[in-house]
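**Student:** Have a look at this one before I ask anything.
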Amino acid sequence: MTYDLTDHARESLRKRPTIRLEWIERVLRQPDRVEPDTVDAELEHRLGRIPEYDGRVLRVIVKKATNPLRIVTCYFDRKMRRQL
């Protein structure tokens, strides 16, 4: 899958070295849940459980109208752990 990282996404990954690119790609390809952004209609939140990281939920926010997809940011979402 092809995608582009914004500067903010690159900085997020630098600050969170535990997040692997392979996990991001997995969530992009096969999200467990997809949510619209509540502020920006061009953004989409893709969420996926990462079994290799204690089942935590990775949230990847993308600008969906771009080709390739543009990743805005990503992080482990503590609130979603019990909901997904």
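**Student:** Restricting to region 60-84, and then to whatever is outside any loop (DSSP other than H, G, I, E, B) and without any contact (Cβ under 8 Å) to a residue 24 or more places away in the chain, can you tell me which residue is farthest from residue 13 (Cα to Cα)?
**Tutor:** Once the filter is applied, the top-ranked residue is 79.
**Student:** Let me ask something else. How many of the residues making up region 17-68 are charged (D, E, K, R), over 17 Å from residue 83 (Cβ atoms) and surrounded by 12 or more Cβ atoms within 10 Å (Cβ to Cβ)?
**Tutor:** Residues meeting the conditions: 8.
**Student:** So how many residues does region 12-37 have that are part of a helix (DSSP H, G or I), modelled with pLDDT of 95 or more and either of a type in the set (A, V, I, L, M) or farther than 17 Å from residue 69 by Cα (or both)?
**Tutor:** Of the residues in that region, 3 qualify.
The values are calculated or read from the model by the stated rules, or taken from the named source; none is laboratory data. Quantities reported herein were computed from a predicted structural model and do not represent experimental measurements. So basically every Cβ, Gly included, is an ideal-geometry build from the backbone, and we count neighbours across all protein chains shown.
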